[in-house]
Amino acid sequence: MARITASVYTSHVPAIGAAMDLGKTAEPYWQKVFTGYEFGKRWIAENTPDVIFLVYNDHATAFSLEVIPTFAIGTAAEYAVADEGWGPRPVPKVVGHPELASHIAQSVIQDDFDLTIVNKMDVDHGLTVPLSLMFGERDPKAGAWPCPVIPFAVNVVQYPVPSGRRCFMLGKAIRKAVESFDQPLNVQIWGTGGMSHQLQGPRAGLINKDWDNRFLDRLIEDPAGLAQVPHIEYVREAGSEGIELVMWLIARGAMDEDRRPVVRQRFYHVPASNTAVGHLILENPS
Ligand code: DHB
Ligand code: FE
């Protein structure tokens, strides 16, 4: 059987990708951000999974206002890196895991969660920046990322967005799906996006450090309680783009239910571009 061994949580700020791609990581502003990921890079080198199930949001790149799937699972063999206006990021293409992805789709849909099946899609900064943060700079010509990735896109851009509660329940269904796969795969689930930020309107630039840190506390200690927080609180307290944080509840819901996770890394920093950066690594006890 396959097993989820750990979950990784991180913001996906596009300017972080640009800082890496343009060789600015040693600049003092960016260095403060990247120090929070030094542990993660060492950790993932020692704990490279067989597959990453990567929960992220598309930013009107693969999906437009014409089609808005609430939850979309990538079942393709590979995904091209999207051109978001400055050309595709110079990172490897993403190799998928169609067999496990199809199995998860089958199991989760039969468990009453409606997923959109995506056989062709380009992946944007929501997916590639977390990979860059954890795996470091990768030459696109040198081949693929260190392991296959199943992209799982959540609509947190166009209302109505899914509730934290639904995301948490979906995480549990994903765990059940992974555990019923008949190959002994080590699977990590990553929850990405957030933390507090608002990119638009009179409150643009909003950051709420207290709320963010309470979110991190509760994600670790009380995820079921945190899952009850209504979406309007995310928007009010963490800004219009802070709603991206519901995706972290999918990853947390997929962790073991009755055992406290081991906290391997916790990092919080303001600012990076317009957002607060948060990062956690939680392992299931072995
Ligand atoms: C920024 C943050 C995001 O989450 C995003 O998707 C786009 C831009 C920003 O900080 O500028
Ligand atoms: Fe975003």
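The values are calculated or read from the model by the stated rules, or taken from the named source; none is laboratory data. Computed from a predicted model, the values in this text were never measured in an experiment. Glycine also receives a Cβ, built like all others from the backbone with ideal geometry; neighbour counts cover every protein chain displayed. With ligands, DNA and RNA removed, areas are computed over all heavy atoms of the protein, side chains included. Shrake-Rupley method; radii C 1.70, N 1.55, O 1.52, S 1.80 Å.
Given the stretch 200-286 reduced to its alpha-carbon atoms as identical point scatterers, what log10 I(q)/I(0) does the Debye formula return at q = 0.19, 0.21, 0.24 Å⁻¹?
-0.88, -1.04, -1.29
If I build a Gaussian network model for the chain, linking alpha-carbon pairs within less than 10 angstrom, which residue out of GLY239, GLY85, GLY225 has the largest mean-square fluctuation?
With Cα springs under 10 Å in the chain, the top fluctuation among GLY239, GLY85, GLY225 is at GLY85.
So what is the accessible area of the chain per residue, in Å², with the probe set to 1.4 Å? List each step's numbers first, then the result.
Working: 11900 Å² over 286 residues.
The answer is 42 Å² per residue.
Just to be sure I understand the model, the point goes 7 Å from the Cα along the line to the Cβ. What's the resulting GLN106 to ARG259 distance in nm?
Between GLN106 and ARG259, the simple spin-label model gives 2.8 nm.
For the chain, what does -39500 (n - 2.57) per DSSP helix run (n ≥ 4), summed and divided by total residues, give at 222 nm, in deg cm²/dmol to the nearest 500?
Mean residue ellipticity, 222 nm, calculated: -10000 deg cm²/dmol.
Roughly how compact is the stretch 127-281, stated as its Cα Rg over 2.2 N^0.38 Å to two decimals?
Values: Rg = 16.1 Å, N = 155, 2.2 N^0.38 = 15.0 Å.
Taking N as the residue count of the stretch 127-281, the ratio is 1.07.
Rounded to the nearest 0.05, what FRET efficiency do THR25 and TRP86 have when you use their Cβ-Cβ distance and R0 = 22 Å?
Efficiency computed from Cβ-Cβ geometry: 0.75.
What's the lysine pair count for the chain at a Cα cut-off below 23 Å, pairs eight or more apart or interchain?
Eligible lysine pairs with Cα atoms under 23 Å apart amount to 11.
When only alpha-carbon atoms are used, what values of Rg and Dmax, in angstrom, describe the stretch 73-136?
In Å, with Rg to one decimal and Dmax whole: 13.4, 40.
So if I restrict to the alpha-carbon atoms in the chain, what is the Rg, and what is Dmax, the biggest pairwise distance, in Å?
Final numbers for Rg and Dmax: 17.2, 52 Å.
What does the charge count near LEU185 come to, summing +1 for each Lys or Arg and -1 for each Asp or Glu among other residues with Cβ under 11 Å from its Cβ? Mind dumping the intermediate values first?
On the way: positive: ARG3; negative: ASP50, GLU99, GLU179, ASP182.
Spelling it out: positives minus negatives among the neighbours equals -3.
Treating only the Cβ of Lys, Arg, Asp and Glu as charged (+1, +1, -1, -1), what charge dipole size does the chain show about its Cα centre? Round to the nearest 20 debye. Display every interim value, and only then the final one.
Working: 25 positive and 33 negative charges, 103 e Å.
It works out to roughly 500 debye.
At 20 °C and 1.002 mPa s, grab the translational diffusion coefficient of the stretch 116-181 from Stokes-Einstein with a Kirkwood Rh over Cα pairs, rounded to a whole number in µm² per second. Show your work: numbers first, answer last.
On the way: Rh = 14.6 Å.
This corresponds to a translational diffusion coefficient of 146 µm²/s.
Considering every Cα-Cα pair within the stretch 41-179, what fraction, in whole percent, is farther apart than 22 Å? If you can, show how the numbers build up before the last one.
Numbers: 3653 of 9591 pairs.
I get 38 percent for the Cα pairs in the stretch 41-179 exceeding 22 Å.
In nm, what is the difference between 0.36 nm times the number of residues separating ASP217 and GLU233 and their Cα-Cα distance? Display every interim value, and only then the final one.
On the way: separation 16, 0.36 × 16 = 5.76 nm, distance 1.66 nm.
Answer, rounded to one decimal: 4.1 nm.
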